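The values are calculated or read from the model by the stated rules, or taken from the named source; none is laboratory data. From a predicted model like this one, the values you see are computed outputs, not experimental measurements. Reconstructed Cβ throughout: ideal geometry from the backbone, glycine too, with neighbour counts over all protein chains shown.
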Amino acid sequence: MAARQGISKWLLIGGLSLGALLNGSLLSPAQAAVPQVYVDNTLLTANVAPVLQQGVLQVPAKELASALGGSFIFDANTNQGTVKVGDNEAVFLLNSPTVTFNGKHINAPAPMVMTGNRFMVPADFLCNTLGLVSVAKGDLLQVYKPVNGRITYKVMSGDSLWRLSQKFGTTISSIQSLNGLTFDVLYVGQNLTILPQLPPAVTVTATMSSSGTFFSSPSFSASAIGYLQPGTTVTILGKSGDWFKAQSPLGVGYLYRSVLRVNQNITPVPAPANIFAAKIPVDTSRDTVTYQSYTVVSGDTVWSIAERQGILKDELCAVNGLGDGSQIKVGQVLKIPVHHVAAQPILGPQFGEVLDWLSQGQYLFSTGKVGKLVDLSTGRSFMIQRTMGANHADVETLTAADTQVMKEIFGGFTWNRRPFILHVEGRKIAASVSGMPHAGVDSAPYLANVSWRSGNYGAGPNYDRIKGNGMDGHFDLYTLNGSGHSEPTVSAPHQVGVLMAGGLE
């Protein structure tokens with residue numbers, strides 16, 4: 001008999017975020033029912049919903065790993081995402097179907113991808129690889145962590161003993177015996193103990209490439225269980241960074257990666273191109289441009305007008321049909337474009353809007369505007385002003401106190417990049433900032449030719465505009481798709497920093 005209908009109903013995860021990203025392409029919000037994932041009878045929730053792509057359910061890696069009692073970390077330098085659950089480690093390479101499980105290369109039905117500013121992994125594959133009980137049907141995935149080979153299942157509408165026996169590869173009599181059932185009546189919400197058929201284990205073996213110490217724990221300072229000779233075969237039970245947990249003739253212990261070679265059955269697929277090294281599309285469909293008139297006055301230049309109006313000189317020239325080197329006259333009326341940038345969705349209160357620099361960011365944070373930078377990691381903040389910049393924002397701290405906070409956040413002046421939230425005129429914008437002042441001297445006048453400039457920039461115009469702030473020159477602030485001044489290609493590390501400030505996890 002099917003389970004009797006109670007008041008329990010399945011919950012739905014909220015709709016997909018706008019401007020979802022996948023392999024650098026925009027995705028439209030899902031129109032069909034949102035896929036659901038349950039882990040030990042609890043609905044998995046995330047601000048980016050799971051998506052069913054070509055029959056494979058992709059789930060936010062961070063939330064799935066957390067629900068499984070583990071963690072997920074993405075390394076922007078290698079484009080690798082590592083899921084750590086218990087002793088097991090699964091390393092995904094962005095946009096590659098090759099997954100490295102406890103050091104062994106295996107093929108996944110789909111790669112880790114980036115969707116809606118989240119790293120998504122093939123959930124059913126990951127759970128089976130980890131040895132969990134995973135039941136997938138259409139847009140529903142149910143995952144259970146066995147304890148002593150058993151799981152606890154909460155009865156849902158439509159369940160019957162026969163259906164449960166088929167779902168978990170067991171028998172009706174086994175379910176009845178484990179739960180003391182004398183009838184076949186089930187109730188929605190009823191907890192049942194089930195002894196399911198477990199997925200086949202992924203066997204990982206390795207061969208000692210040299211003699212090595214077999215440690216009692218993953219540390220060189222740990223006591224030695226013994227020593228293993230070259231050619232000895234061990235079974236890998238887990239992995240954490242550079243250490244392998246292994247079963248050997250000496251028992252269970254730990255080996256450092258340099259003394260063994262994991263036995264492989266496949267050749268990994270070559271690493272795909274770094275998607276962060278190219279421009280990533282952003283939804284600009286709701287942005288608009290209006291125009292206003294400006295009458296040239298004495299002392300105006302095309303550059304000074306463009307700077308005051310918060311646009312680039314090239315844009316002002318293009319709109320008014322001015323060629324390179326064109327002269328303007330007092331009384332001449334120019335058309336000034338005014339950009340209205342629609343608000344983008346924010347994935348959480350700690351994150352900011354992900355905006356394209358050239359079409360959006362530069363207008364919200366135009367030259368001369370003052371803003372507050374909030375470090376995503378520490379929450380500490382300091383004030384800045386955009387003083388110049390075209391392909392990205394060149395900014396300076398307002399005071400020496402602001403400079404001191406900046407140095408404390410970065411650990412001193414450094415070219416290292418960090419994700420920040422830029423607060424400007426009521427908007428919160430995802431940004432990546434490098435903490436090295438350059439191209440200026442605080443003690444010299446702005447734009448004066450000097451013999452030395454900070455950041456090894458040598459002689460040239462002094463681009464330090466704000467005086468007495470304890471900083472020589474300006475530093476870089478990027479939104480998405482910003483590029484360098486001399487090398488107009490996007491910066492992959494800055495791209496990742498911006499996306500992290502926008503909620504990339």
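Could we say that Ser240 is surrounded by fewer than 18 Cβ atoms within 10 Å (Cβ to Cβ), outside the structural domain of Thr82 (by TED's automatic domain parsing), without any contact (Cβ under 8 Å) to a residue 12 or more places away in the chain and farther than 16 Å from Ser209 by Cβ here?
So Ser240 does not fit the description; no.
Restricting Ser285, Ser223 to residues that are of a type in the set (S, T, N, Q), more than 30 Å from Ala342 (Cβ to Cβ) and out of contact with any helix residue (DSSP H, G or I) (no Cβ under 8 Å at 6 or more places or on another chain) narrows the list to Ser223.
Within region 155-185, the residues that satisfy the criterion of being assigned to a helix (DSSP H, G or I) and small (Gly, Ala, Ser) are Ser165, Ser173, Ser174, Ser177.
Name the single residue, out of those in region 427-466 being among the hydroxyl-bearing types (Ser, Thr, Tyr) and in contact with a Phe, Trp or Tyr (Cβ under 6 Å, 6 or more places away or on another chain), that is nearest to Gly379 (Cα to Cα). Explain how you work it out, then say what you get.
As a first pass, look at region 427-466 and keep what is among the hydroxyl-bearing types (Ser, Thr, Tyr): 432, 434, 443, 446, 451, 454, 457, 463.
Now restrict to residues that are in contact with a Phe, Trp or Tyr (Cβ under 6 Å, 6 or more places away or on another chain): 432, 434.
Details: Ser432: 14, Ser434: 17 Å.
Per the criteria, the residue is Ser432.
Report whether or not Met114 is crowded, with 16+ Cβ neighbours inside 10 Å and more than 30 Å from Ala76 (Cβ to Cβ). Considered against the rule, which asks whether it is crowded, with 16+ Cβ neighbours inside 10 Å and more than 30 Å from Ala76 (Cβ to Cβ), Met114 comes out as no. Of the residues making up region 228-281, those that are among the aliphatic types (A, V, I, L, M) and farther than 30 Å from Gly497 by Cα are Leu228, Val234, Ile236, Leu237, Ala246, Leu250, Val252, Leu255, Val259, Leu260, Val262, Ile266. Would you please name the residue that is surrounded by the most Cβ atoms within 10 Å (Cβ to Cβ), looking only at residues in region 442-471 that are farther than 20 Å from Gly368 by Cβ and in contact with a Ser or Thr (Cβ under 7 Å, 6 or more places away or on another chain)? This residue is Gly470. On the stretch given as region 472-487, residues that are over 24 Å from the mean Cα position of the chain (by Cα), in a strand (DSSP E or B) and acidic (Asp, Glu) total 0. Going residue by residue through region 351-361, is there one that turns out to be more than 23 Å from the chain's Cα centre (by Cα), over 22 Å from Tyr291 (Cβ atoms) and either of a type in the set (Val, Ile, Thr) or at pLDDT 95 or above (or both)? No, that holds for no residue. For region 317-345, taking the residues that are under 28 Å from Ile429 (Cα atoms), touching a strand residue (DSSP E or B) at 6+ places or on another chain (Cβ under 7 Å) and hydrophobic (A, V, I, L, M, F, W, C), the one that is surrounded by the most Cβ atoms within 10 Å (Cβ to Cβ) is identified as Ile336.
On the basis of being modelled with pLDDT of 80 or more and either under 20 Å from the mean Cα position of the chain (by Cα) or buried (at least 22 other Cβ atoms within 10 Å of the Cβ) (or both), does Leu64 make the cut?
Numbers: modelled with pLDDT of 80 or more: yes; either under 20 Å from the mean Cα position of the chain (by Cα) or buried (at least 22 other Cβ atoms within 10 Å of the Cβ) (or both): yes.
Answer is yes for this residue.
Figure legend. Inter-residue proximity from region 158-181: first residues in contact (Cβ under 8 Å) with a residue 40 or more places away in the chain and assigned by TED's automatic domain parsing to the domain that holds Ala136, second residues exposed (fewer than 14 other Cβ atoms within 10 Å of the Cβ) and among the acidic types (Asp, Glu), beta-carbon distance below 9 Å, spacing 6+ or different chains. Indicated pairs: Ser160/Asp184. Of the residues making up region 415-426, at least one is touching a Gly at 6+ places or on another chain (Cβ under 7 Å), surrounded by 13 or more Cβ atoms within 10 Å (Cβ to Cβ) and without any contact (Cβ under 8 Å) to a residue 40 or more places away in the chain.
Restricting the first member to region 473-485 and to residues that are under 13 Å from Met388 (Cα atoms), and the second to residues that are assigned to a loop (DSSP other than H, G, I, E, B) and among the acidic types (Asp, Glu), the beta-carbon pairs closer than 6 Å and six or more apart or on different chains are Gly473/Asp464.
Please note which strands (runs of 3 or more DSSP E) are completely contained in region 247-297 and include at least 1 residues that are closer than 30 Å to Glu487 by Cβ and touching a strand residue (DSSP E or B) at 6+ places or on another chain (Cβ under 9 Å).
Working: elements: 251-256, 260-262, 288-295.
Counting at least 1 such residues, we get 288-295.
Against the condition at pLDDT 95 or above, crowded, with 23+ Cβ neighbours inside 10 Å and among the polar types (S, T, N, Q), how does Thr479 come out, does it pass?
It is true that Thr479 is at pLDDT 95 or above, crowded, with 23+ Cβ neighbours inside 10 Å and among the polar types (S, T, N, Q).
A single entry from Thr207, Thr203 fulfils the requirement of being hydroxyl-bearing (Ser, Thr, Tyr) and in a loop (DSSP other than H, G, I, E, B): Thr203.
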